[in-house]
Amino acid sequence: MQLELALGGVSDDTSQQAIQLRMRSGGQSSISGRTVIARDAAGLNPVTVISFPSNVLGAGAGARILIASSAFTTAEGPTPDFTMTNLIPESYLAARSLTFQGGSTVYWRLCWGGSNYTGPITGDTTNDADGNFGPCVDAALPATSGKALLFNGLASAFSTNNAADYSVTAANAVLTKQQRGIAADRRRSHAGPVDRRCYGHRGRCRDSHGHLYRHAILASPCRWGELRHHHG
């Protein structure tokens with residue numbers, strides 16, 4: 001599992017946060033009890049952003065899991081797969097780390113702030129061959145627009161080091177929620193062509209059947225970048 005994307009805020013509103021995970025291979029849907037944890041610049045004072053309360057239904061390679069704050073959902077949409085229990089503290093946005101882990105095992109680590117982050121940069125070798133995820137991205141976690149830190153590799157890619165693997169998106173972030181199981185079955189049951197224009201309000205882009213599409217955060221409601229279903 002990759003920490004594919006992290007967003008510290010939108011237009012300086014740090015209550016609007018989002019994190020996107022991406023499965024490196026099939027069969028990674030068993031996330032119940034696993035956690036996403038933020039730590040300060042020294043790698044201390046852990047804040048559990050979420051402890052996943054359940055598994056997800058989609059298990060295909062490249063399937064994404066969207067975690068967002070309630071403020072992000074209210075202001076931007078879409079409804080995420082999971083809502084953050086705790087925000088990444090605003091004081092952590094300049095130089096900190098974020099981990100996806102099971103118990104004490106760190107399966108993926110993203111750190112930012114360059115040399116200002118002095119905490120651990122290591123993790124399990126499941127997703128990084130030498131278990132060293134550093135050096136860190138030489139940038140803060142974006143919060144001033146709609147841009148985000150994004151993993152630039154393929155879904156199957158290992159981590160090499162955060163500085164090489166991540167960059168700040170050139171445009172506003174593109175987010176994808178997991179859309180599998182019952183919801184996906186209902187989509188397939190619809191007959192006829194799908195009108196992919198934007199329906200609804202508050203930035204929620206839906207097709208003519210009411211299905212939410214992948215979209216980018218932009219200033220105006222229902223003006224999103226790439227619109228497409230994500231089948232995992």
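Do we have ILE88 as at pLDDT 95 or above, over 27 Å from SER11 (Cβ atoms) and of a type in the set (A, V, I, L, M, F, W, C) here?
Numbers: at pLDDT 95 or above: yes; over 27 Å from SER11 (Cβ atoms): no; of a type in the set (A, V, I, L, M, F, W, C): yes.
Criteria not met by ILE88.
Identify all residues within segment 18-33 that are on the phi < 0 side of the Ramachandran plot and of a type outside the set (Lys, Arg); write none if there are none.
Of everything in segment 18-33, those that are on the phi < 0 side of the Ramachandran plot and of a type outside the set (Lys, Arg) turn out to be ALA18, ILE19, GLN20, LEU21, MET23, SER25, GLY26, GLN28, SER29, SER30, ILE31, SER32.
Which condition number does ILE121 fail, the rest of (1) modelled with pLDDT under 95; (2) within 23 Å of ALA164 (Cβ to Cβ) being met?
The single condition ILE121 does not satisfy is (1).
Looking at (1) within 20 Å of ALA41 (Cα to Cα); (2) surrounded by 22 or more Cβ atoms within 10 Å (Cβ to Cβ); (3) of a type outside the set (Ser, Thr, Tyr), can you tell me which one ILE67 breaks?
That leaves (1) as the condition not met.
Which of the residues belonging to segment 122-132 are crowded, with 19+ Cβ neighbours inside 10 Å and either among the aliphatic types (A, V, I, L, M) or assigned to a strand (DSSP E or B) (or both)?
Within segment 122-132, just ASP128 meets the criteria.
Does THR144 satisfy being at pLDDT 90 or above and either over 28 Å from ALA75 (Cβ atoms) or assigned to a strand (DSSP E or B) (or both)?
On the way: at pLDDT 90 or above: yes; either over 28 Å from ALA75 (Cβ atoms) or assigned to a strand (DSSP E or B) (or both): no.
It is false that THR144 is at pLDDT 90 or above and either over 28 Å from ALA75 (Cβ atoms) or assigned to a strand (DSSP E or B) (or both).
Considering every residue within segment 51-58, establish whether at least one is under 21 Å from SER167 (Cα atoms), touching a Ser or Thr at 6+ places or on another chain (Cβ under 7 Å) and touching a residue at least 12 places away in the same chain (Cβ under 8 Å). Spell out how you get there, then give the answer.
Restricting attention to segment 51-58, the residues satisfying the condition of being under 21 Å from SER167 (Cα atoms) are none.
Within segment 51-58, not a single residue is under 21 Å from SER167 (Cα atoms), touching a Ser or Thr at 6+ places or on another chain (Cβ under 7 Å) and touching a residue at least 12 places away in the same chain (Cβ under 8 Å).
Quickly run through segment 94-106 and pick out the residues that are touching a Ser or Thr at 6+ places or on another chain (Cβ under 9 Å), surrounded by fewer than 21 Cβ atoms within 10 Å (Cβ to Cβ) and touching a residue at least 40 places away in the same chain (Cβ under 8 Å).
Looking only at segment 94-106, we keep the residues that are touching a Ser or Thr at 6+ places or on another chain (Cβ under 9 Å), and these are 95, 99-103, 105-106.
Okay, now just the ones that are also surrounded by fewer than 21 Cβ atoms within 10 Å (Cβ to Cβ), so 101-103, 105.
Result: GLN101, GLY102.
Cβ-Cβ under 8 Å, sequence separation 6+ or interchain: first residue in segment 120-136 and under 16 Å from VAL36 (Cβ atoms), partner surrounded by fewer than 16 Cβ atoms within 10 Å (Cβ to Cβ) and of a type in the set (Lys, Arg). Which pairs?
none
The values are calculated or read from the model by the stated rules, or taken from the named source; none is laboratory data. The model shown is predicted, which means the values in this text are computed figures rather than measured ones. With ideal geometry, Cβ positions are generated from the backbone for all residues, glycine too; neighbour counts draw on all protein chains shown.
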